[in-house]
Amino acid sequence: MSLSSERLAATAAGFLAAAVLAVLYAPVVIGALFSVIEVTRNGINWGGFSLAWYGKLWQNQSILDAVRTTLIVSACSVSLAIVLSIALALYVEWEGAIGRRLIELVVYLPFLLPPIVTGLSLLIFFANLGISRGVATIVIGHSVFVLAVLYRLVLTRLQSLPATLFEASADLGATRWQTLRHVLWPQLRSAVATGAILAFTLSFDETLISVFLAGDATTLPLRLWAMMRVGFTPEINALVTLVLLFSIALAIIVSLRMKPEGEMEE
Amino acid sequence: MNSLPARLAVFALVAAGPLLFVVAPIGSFLVMSFARVEGHQIINDMTLDNYVAFFGNWVYLKTFLLTLWLCAEVTLIGIVLGYPIAWFIWRRRARTRYLLLLLFVLPLFMSYIVKIYTMRSILGLNGFLNQILVGSGILSAPSLVFLYNQGSILITMAVIFLPFVILPIFLSLERIPRNLVQASADLGAGAGTTFRHVVLPLSLPGTIAGGLFAFVLALGDFITPQMVGGPSGFTIGRVIWSQFGLAYNWPFGAAMGAVLFLFALAVIVVAGSIASRQRV
């Protein structure tokens, strides 16, 4: 009796999952569809399949510039966050006595708070210091935002390593730097790589902080937002589809890397 | 490395980045909230005017309260839809489980701006929703009710933030040892009893975390209201954003930001303490 009611619940949840999946993907599929199919005032012209908009994309200089800026911002902010997250995680693990809770709170805060708070606080901070807005300020904003992700992954990996690893290294006369370079780094590398890809996708799509810090610089999401106010062309749908494919590829890489780890924890 | 000054020096070195770019900016925006604008000059004479203007003006206060209500609705929809889905994924065999999870989490990695835009085109006058409803005869003519109001903000946010709710719930379900469920069944508990007394309590921390994500994300969002909310769909985030754009009143924007900041902080702390108490 109760087994069948459980099966009933599972079937209902399955239908719900299918329906929600359709709703979640509808925006994406429709956008991708419009990039290859002509939409006119009278409706959708299914015969008008064409990849022409993908070609036109490469002639739009403002979009190419925005893509380049976004890639630069993401690469810089992820690199900064990697260095900082390793330093913080090592500090917390080795010297954690002073201020561990404080550091963790500060690291997680920009990730947990609404992005608008991070954005406007950095905006006012930079304005007070007389620093003009641009690519560098976006990089800082993104760095503090993605730091939490990298820190979490690096710290988890660091804590999973046996203490005997460091002890053996120290007993053999290695300095801390040598231990870091030859013992820890090979162990941390894959966690850092996973975190870096994850952080990259977050930074690549980040909009709500960038809006406050961009000044004259334009990242891709900001460019898209500006274009949406005047209306979209199929060209944008083409771009968006490419961006989606790119981020899906990154997400799949992350999930393939994360899965075995999760199983190991069991 | 063991003397106190040396350890303090290491701490200062490591903590410099976060302190400089997280704590100092929050401090400077809180200070800004006590300033005022005169002409194009920002003068800081530690006035409470901005807070008086916010709490004394029903229009702003109402927007804030309506935003909180909106966030609560987004959170509720997220949990009501997200929990059964996370549970469904969790019950699959290992191979389909991760594939399903990936499918539900992938939308997180898709452009946020684009999702809002396509939601707008789905809900609009010539959008998919109207075409389907008119085509199937439910509506006689395309309706405007789906776009440019509070309801369209709610629908869009619910769609965009749902994966943020599913993931933590799934992760907390995944942490439940399978033999615990088995033991409960062996002791004669039915599926419903096991769910109520074993699965549900143990997955509560993840549920709270997921709800928290949805709530906080909805709280600060200003692009969704601007894109699908139309002239009537104002949230506190959109009002704050306008102070840094057209309205150009940074101190007032900072004051409203401070209210938002303190409220979000309180929600995070309360949710965190409930979740950690459950974990015991």
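Here are a few things to note about the model shown:
- Looking across region B:242-271, the residues that are at pLDDT below 85 and either open to solvent by 50 Å² or more (accessible area, probe 1.4 Å) or more than 30 Å from A:N128 (Cβ to Cβ) (or both) come down to B:L246, B:A247, B:Y248.
- Count - residues of region A:5-26 that are among the β-branched types (V, I, T) and within 7 Å of another protein chain (Cβ to nearest Cβ): 2
- Region B:219-269, subset among the aliphatic types (A, V, I, L, M), over 22 Å from B:V22 (Cα atoms) and under 14 Å from the mean Cα position of the chain (by Cα), residue nearest to the other protein chains (Cβ to nearest Cβ): B:I223
- Where a residue in region A:131-142 is open to solvent by less than 10 Å² (accessible area, probe 1.4 Å) and its partner, wherever it lies, is among the hydroxyl-bearing types (S, T, Y), with Cβ under 7 Å and at least six apart: A:I138/A:S210; A:I138/A:T219; A:G141/A:T118; A:G141/A:S210; A:H142/A:S77; A:H142/A:S203
- Some residue of region B:141-153 being more than 12 Å from every other protein chain (Cβ to nearest Cβ), closer than 26 Å to A:A13 by Cα and touching a residue at least 24 places away in the same chain (Cβ under 8 Å): yes
- Failed item in (1) over 27 Å from the mean Cα position of the chain (by Cα); (2) assigned to a helix (DSSP H, G or I), with B:P142 passing the rest: (2)
- Some residue of region B:188-195 being more than 10 Å from chain A (Cβ to nearest Cβ) and either among the aromatic types (F, W, Y) or touching a helix residue (DSSP H, G or I) at 6+ places or on another chain (Cβ under 9 Å) (or both): no
- Residue within region B:229-236 that is buried (at least 23 other Cβ atoms within 10 Å of the Cβ) and touching a Gly at 6+ places or on another chain (Cβ under 8 Å) present: yes
- Checking each residue in region A:141-159 for being among the charged types (D, E, K, R) and farther than 29 Å from A:V211 by Cβ picks out only A:R157.
- Going through (1) open to solvent by 20 Å² or more (accessible area, probe 1.4 Å); (2) more than 18 Å from B:V74 (Cβ to Cβ); (3) facing chain A (nearest Cβ under 7 Å) one by one, B:L129 falls short only on (3).
- In the set (1) part of a helix (DSSP H, G or I); (2) modelled with pLDDT of 90 or more, A:A226 fails one condition alone, (2).
- Subset of region B:102-140 (residues that are in contact (Cβ under 8 Å) with a residue 24 or more places away in the chain, of a type in the set (S, T, Y) and under 24 Å from A:A17 (Cβ atoms)): B:Y112
- Breaking point among (1) free of Cβ contacts under 8 Å to residues at least 24 places away in the same chain; (2) open to solvent by 50 Å² or more (accessible area, probe 1.4 Å), for A:D216: (1)
- Options B:I116, B:I122: the member that is open to solvent by less than 20 Å² (accessible area, probe 1.4 Å), β-branched (V, I, T) and within 11 Å of chain A (Cβ to nearest Cβ): B:I116
- Residue identified as within 14 Å of another protein chain (Cβ to nearest Cβ), at pLDDT 80 or above and open to solvent by less than 40 Å² (accessible area, probe 1.4 Å) among B:L180, B:L167, B:L200, B:L173: B:L173
- Selection from region B:69-124 of residues that are under 21 Å from A:M228 (Cα atoms) and charged (D, E, K, R): B:K115, B:R120
- Counting only helices (runs of 4 or more DSSP H) that sit completely within region B:1-95, those holding 3 or more residues that are surrounded by 15 or more Cβ atoms within 10 Å (Cβ to Cβ) and more than 9 Å from chain A (Cβ to nearest Cβ) correspond to B:49-56, B:58-91.
The values are calculated or read from the model by the stated rules, or taken from the named source; none is laboratory data. Keep in mind the model is a prediction, meaning the values are calculated, not measured. Positions of Cβ are backbone-derived with ideal geometry, glycine not excepted, and every protein chain shown enters the neighbour counts. These accessible areas exclude ligands, DNA and RNA; they are computed on the full protein's heavy atoms, side chains included. Shrake-Rupley method; radii C 1.70, N 1.55, O 1.52, S 1.80 Å.
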